[in-house]
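A short write-up of the structure that comes next.
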Amino acid sequence: MSNEDPILVERLGPITRIWHNRPEARNAESEALLRRLDEALTQANDDPEVRVVILGGKGEHFSAGHDLKEWKEKRSGFGVEERWAFEEECYFNYCMRIWHFPKPTIAQVQGACIAGSFMVANMCDLIVASDDAFFADPVVITLGAAAVEVLIHPWVMGLRRAKEMLYTGERMTAEEAHRIGMVSRLAPRAELEAETLKLAERIALTPPFALKLIKRSLNRTADIQGFGNAVNAHFDTHQLSHATNEFRALSLAGMDGAIARGKSRLGT
Ligand code: ZN
């Protein structure tokens, strides 16, 4: 178990770069990591010199999603009330704070971007991905739960593609994600960091208050189309899916399988 900070924060002039920093665990989003991420974002927002935030992951993968090992140890016995409270705070509200973050945000994605981290990356305004990145939300298939907590999928890839992703659990390649507009820019793996920084530096030249206002209007456009109501409604449905017989039957087996697959990929 590493004692390192699960989040690293760097300042690069007007840009704050925040890293998932658990590469030995494929950057699995533990409770501690999510709390630190929320703190780092609050600090970046409070600092008037910060113009743009980049959210990345150290190591081979952006992130494999929520920390299932921790989930199994700490939260598999949760009832409806406890799970609702935990997921509302750490999964739903933390995500929505990224969505509503007043300054521009860019996700820098390589390798795996799965489930919980797919949700986090898609809360950002823009995504720059390496050509080997892939995106997936397999939790309907593996755990019998109704996707992740924030149903961002139809808003970033269209309804039909979201149905295919969630019904099959299959991965979307970076190339496809770019072609359909979910990923803003593609870069070779070796150039991902530089390309993301270049885009952030370009945006940092834009007048900051105008940026804040245009982001507000663009997000409100989504809200007028029903975004806020739709994701709120899904959160309730998602909680219902955690209480089903299907979830109970599949979750422990699915969780063990997912943990084992993660370990075998790491060779541990
Ligand atoms: Zn959940």
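The values are calculated or read from the model by the stated rules, or taken from the named source; none is laboratory data. Predicted model, so just to flag it, every value in this text is computed and none were measured. Every residue, glycine among them, receives a Cβ derived from its backbone with ideal geometry; neighbour counts consider all protein chains shown. Heads up: the accessible areas ignore ligands, DNA and RNA and are worked out on the full protein's heavy atoms, side chains in. Shrake-Rupley method; radii C 1.70, N 1.55, O 1.52, S 1.80 Å.
Points worth noting:
- On inspection, ARG22 does not qualify as closer than 18 Å to TRP99 by Cα and touching a residue at least 12 places away in the same chain (Cβ under 8 Å).
- Out of LEU252, LEU240, sole residue that is out of contact with any Gly (no Cβ under 7 Å at 6 or more places or on another chain), of a type outside the set (Ser, Thr, Tyr), at pLDDT below 95 and within 16 Å of the ligand (Cβ to nearest atom): LEU252
- Pick from segment 44-95, criterion within 14 Å of the ligand (Cβ to nearest atom), within 19 Å of PHE134 (Cα to Cα) and in contact with a Gly (Cβ under 8 Å, 6 or more places away or on another chain), ranking: most open to solvent (accessible area, probe 1.4 Å): HIS66
- Residue pairs whose Cβ atoms lie under 9 Å apart, separated by 6 or more positions or on different chains, with the first residue in segment 157-180 and more than 13 Å from PHE118 (Cα to Cα) and in contact (Cβ under 8 Å) with a residue 12 or more places away in the chain and the second among the hydroxyl-bearing types (Ser, Thr, Tyr) and not in a helix (DSSP H, G or I), are HIS178/SER184.
- Residue check for LYS198: open to solvent by 30 Å² or more (accessible area, probe 1.4 Å), closer than 30 Å to HIS234 by Cα and assigned to a helix (DSSP H, G or I): no
- Complete set of residues in segment 109-128 that are part of a strand (DSSP E or B) and open to solvent by 10 Å² or more (accessible area, probe 1.4 Å): ILE114, LEU126
- For segment 129-165, residues that are assigned to a helix (DSSP H, G or I) and more than 14 Å from the ligand (Cβ to nearest atom) total 13.
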